[in-house]
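Report on the following structure.
The values are calculated or read from the model by the stated rules, or taken from the named source; none is laboratory data. Note that the coordinates shown come from a computational prediction; the quantities given were computed from them, not determined experimentally. Please note: Cβ atoms are built from the backbone with ideal geometry, for glycine as well, and neighbour counts cover all protein chains shown. Areas reflect the complete protein model, heavy atoms only, side chains present, ligands, DNA and RNA absent. Shrake-Rupley method; radii C 1.70, N 1.55, O 1.52, S 1.80 Å.
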Amino acid sequence: MGKKAAEALDINYADLAEYLHCNHSVYMRIDSSVYYLTDANYEAWRAQDTSRRNDKNHFVDCSELVPTVDEFLALPFIHGKTIKDAFEHATFYASLKGEKD
């Protein structure tokens, strides 16, 4: 995981899938919740809850693992809503690689 950038990204929903393909991760804030959207070793996609950490100090998964970005964007892990459903209420931030939380 990288560190959440201070400045929000200027991104629309149509460009989010391509952004994830190119950058492999992004932070998404909705109200007071922050999710880390990331690939798992380039093989699957998942969302992680940044307010919870496991015994290795990594964020805890809050979605199932799915093989494609399109499937990931269709997962209802945000209180029963998908990323598309919640997009207009979300703010996205780059994940700065090489910088730990």
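Restricting the range 24-42 to residues that are open to solvent by 50 Å² or more (accessible area, probe 1.4 Å) and either in contact with a strand residue (DSSP E or B) (Cβ under 7 Å, 6 or more places away or on another chain) or not in a loop (DSSP other than H, G, I, E, B) (or both) leaves a set whose member that is farthest from residue 79 (Cα to Cα) is 24. The sole residue among 88, 71 that is within 22 Å of residue 10 (Cβ to Cβ) and more than 12 Å from the chain's Cα centre (by Cα) is 88. Within the range 1-23, the set of residues being part of a loop (DSSP other than H, G, I, E, B), surrounded by fewer than 17 Cβ atoms within 10 Å (Cβ to Cβ) and in contact with a Lys or Arg (Cβ under 7 Å, 6 or more places away or on another chain) is empty. With respect to being open to solvent by less than 40 Å² (accessible area, probe 1.4 Å), out of contact with any Cys (no Cβ under 6 Å at 6 or more places or on another chain) and part of a helix (DSSP H, G or I), residue 94 falls outside the description. Residues of the range 1-42 being closer than 15 Å to residue 63 by Cβ, free of Cβ contacts under 8 Å to residues at least 60 places away in the same chain and not small (Gly, Ala, Ser), which ones? Those that are closer than 15 Å to residue 63 by Cβ, free of Cβ contacts under 8 Å to residues at least 60 places away in the same chain and not small (Gly, Ala, Ser): 20, 34, 35, 36, 37, 38, 39.
Please verify whether the range 61-69 includes one or more residues that are open to solvent by less than 90 Å² (accessible area, probe 1.4 Å) and touching a residue at least 40 places away in the same chain (Cβ under 8 Å). Yes. Residues in the range 43-60 that are part of a loop (DSSP other than H, G, I, E, B), over 19 Å from residue 24 (Cβ atoms) and open to solvent by 100 Å² or more (accessible area, probe 1.4 Å): 55, 56.
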